[in-house]
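Report on one structure; see the data block that follows.
The values are calculated or read from the model by the stated rules, or taken from the named source; none is laboratory data. This is a predicted model, so every value here is computed, not measured. Methodologically, a virtual Cβ is constructed for each residue, glycine included, from the backbone with ideal geometry; neighbour enumeration extends over all protein chains shown. Keep in mind that these areas ignore ligands, DNA and RNA; they rest on the heavy atoms of the full protein, side chains included. Shrake-Rupley method; radii C 1.70, N 1.55, O 1.52, S 1.80 Å.
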Amino acid sequence: MKLGQIVLLALSLVGCAVPPVQRPAILVPLAVPVGTETGVLALGPVVPKMQQADSIANVQYGWWCKEAPPRQLATDVLPFSRLNLVRSFTGVLEPLRYRLQKAPESVFTEEQPDYTLGASVLKVHSNVCFPFVGHPSLKVGDPTVAKGSVFVEVKWEVFSNTERRVVFSATTQGAFEAQETVAGGFDTLAINAFGASLRNLAADEGFRSALVRSSSGR
């Protein structure tokens, strides 16, 4: 192992433990049964709908995870990129045999989905330490490496593009915790929490029933 890797490993293990955020239940996702199929599902809008009290971040910094003043996250900005949201959507639902909207071969053509899944992010709670940052502003050092945990609460809606109405809705929670540092920092922790919330949605029989149809049609 190279010296730089050894040093990075050692530094990732030092410091105080980061207190976890709320730990919601971890449910078992339901796969689409063999012999049935779903309508084509696309990921639609994912929008922030947080109250100020539901978007506070607890920040620690430095090798020993010194506490910084709590900060308010913007209530009108999501802590996830669209690219990571799509990756999470595909990574969770595709292995469960859901039919997902495919990327078009041409910029002028696009498969029309039967359903669109939208999401409203209601809460984002986080306790995150940035060991390679030397100031509570996070402007000194490297904030792209972090450890800790993020909790999210998401309201999901399945919209039928044929019926032009919402056919299913549910609210789920999800959390992700890393006791050792991860690349990508807060973004990595947050998108994994989003994925956990989506897996809990996939554990809801109502979600599967809204999308599944027999091979001969609904």
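Observations, loosely collected:
- Residues satisfying the criterion are present in region 210-218 (criterion: part of a helix (DSSP H, G or I) and buried (at least 19 other Cβ atoms within 10 Å of the Cβ)).
- Selection status of Leu117, assigned to a loop (DSSP other than H, G, I, E, B) and either touching a Leu at 6+ places or on another chain (Cβ under 9 Å) or open to solvent by less than 60 Å² (accessible area, probe 1.4 Å) (or both): no
- Criterion: open to solvent by less than 10 Å² (accessible area, probe 1.4 Å), within 30 Å of Lys66 (Cα to Cα) and among the aromatic types (Phe, Trp, Tyr) - qualifying residue of Phe186, Phe151: Phe151
- Checking each residue in region 44-89 for being under 16 Å from Ile191 (Cα atoms), loosely packed, with under 15 Cβ neighbours inside 10 Å and at pLDDT 90 or above picks out Pro45, Val47, Ser81, Arg82, Leu83, Arg87.
- When Phe168, Phe159 are checked against the criterion of being under 16 Å from Asn200 (Cβ atoms) and open to solvent by less than 60 Å² (accessible area, probe 1.4 Å), a single residue qualifies: Phe168.
- Yes/no for Ala146 being under 14 Å from Leu122 (Cα atoms), under 18 Å from the mean Cα position of the chain (by Cα) and in a strand (DSSP E or B): no
- Residue within region 120-138 that is of a type in the set (Val, Ile, Thr), under 17 Å from Lys155 (Cα atoms), touching a Leu at 6+ places or on another chain (Cβ under 9 Å) and surrounded by 18 or more Cβ atoms within 10 Å (Cβ to Cβ) present: yes
- Unique residue being assigned to a strand (DSSP E or B) and among the small types (Gly, Ala, Ser) when the list is Ser197, Ser169: Ser169
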